[in-house]
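Take a look at the structure below.
The values are calculated or read from the model by the stated rules, or taken from the named source; none is laboratory data. Treat the numbers as computed from the prediction; the structure is a model and nothing was measured. Cβ: placed from backbone, ideal geometry, glycine included. Neighbour counts: every protein chain shown.
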Amino acid sequence: MIIFPTRELVLITPPHTASRNLTAALLDPQNDIGPWYAVHGLVPDSCRVHDHHYCTLHPEHLTWRVACVVRHPLDRLIGLHTHWVTAVGSKYPESPLQQWKKFARQVALGERSGLSWMYRWTIADLLTYHGHDPYEVQPIKFESLATELENLLETPIVLPPRFGHSHRDPWGDRYDSRLRAQASNWAAQDLLAWYSDG
């Protein structure tokens, strides 16, 4: 979660929405955006780990604008699998979760085994857990992040060239009709809130 105190603005950065790269971009001296700071907090699955995806508001921020980086859930799910294989899967080379469709189906069907909240939860799940109404936050779409971030901050900003990189083409290689229906059901609230056009 990123706080812009002079703008009275909170920006939530859920898992796999370029959150670390976004923080790096804000640190770039080319970007003169004024004061900001990142907030870390306890994550859902552990009482010992502090994480930058934490997004419970401090009482002094309750009246501030709240924006959230959102990403098409079917695209994000592909990215989450890539992240799991890279960050976790190397420890479990025989895990069936190495296979895309088994990973995606386990997430979509809500099977908890072997996956933390970071992989199981939609963006709407994360927001709801931390006390936000997904329909009330201002969405900043990953797919057009540079433009929407400039509009949000009302200042030009330079982002790395791979910002907004999407797995959406070709989705057909990843989702058969059954898996797409299962994943769409899992992500129904994200789709309704931010991607009702598909």
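List of remarks:
- Subset of segment 101-146 [under 16 Å from Ser19 (Cα atoms), surrounded by fewer than 18 Cβ atoms within 10 Å (Cβ to Cβ) and of a type in the set (S, T, N, Q)]: Ser144
- Single unsatisfied condition, Ala38 versus (1) aliphatic (A, V, I, L, M); (2) free of Cβ contacts under 8 Å to residues at least 12 places away in the same chain; (3) touching a Ser or Thr at 6+ places or on another chain (Cβ under 7 Å): (2)
- Total residues in segment 8-33 satisfying the condition of being assigned to a loop (DSSP other than H, G, I, E, B) and either in contact with a Phe, Trp or Tyr (Cβ under 7 Å, 6 or more places away or on another chain) or at pLDDT below 80 (or both): the figure is 3.
- Residue pairs whose Cβ atoms lie under 7 Å apart, separated by 6 or more positions or on different chains, with the first residue in segment 94-121 and over 23 Å from Leu191 (Cβ atoms) and free of Cβ contacts under 8 Å to residues at least 40 places away in the same chain and the second assigned to a helix (DSSP H, G or I) and among the basic types (Lys, Arg), are Pro96/Lys102.
- When Leu57, Leu74 are checked against the criterion of being farther than 25 Å from Trp100 by Cα and buried (at least 18 other Cβ atoms within 10 Å of the Cβ), Leu57 stands alone in meeting it.
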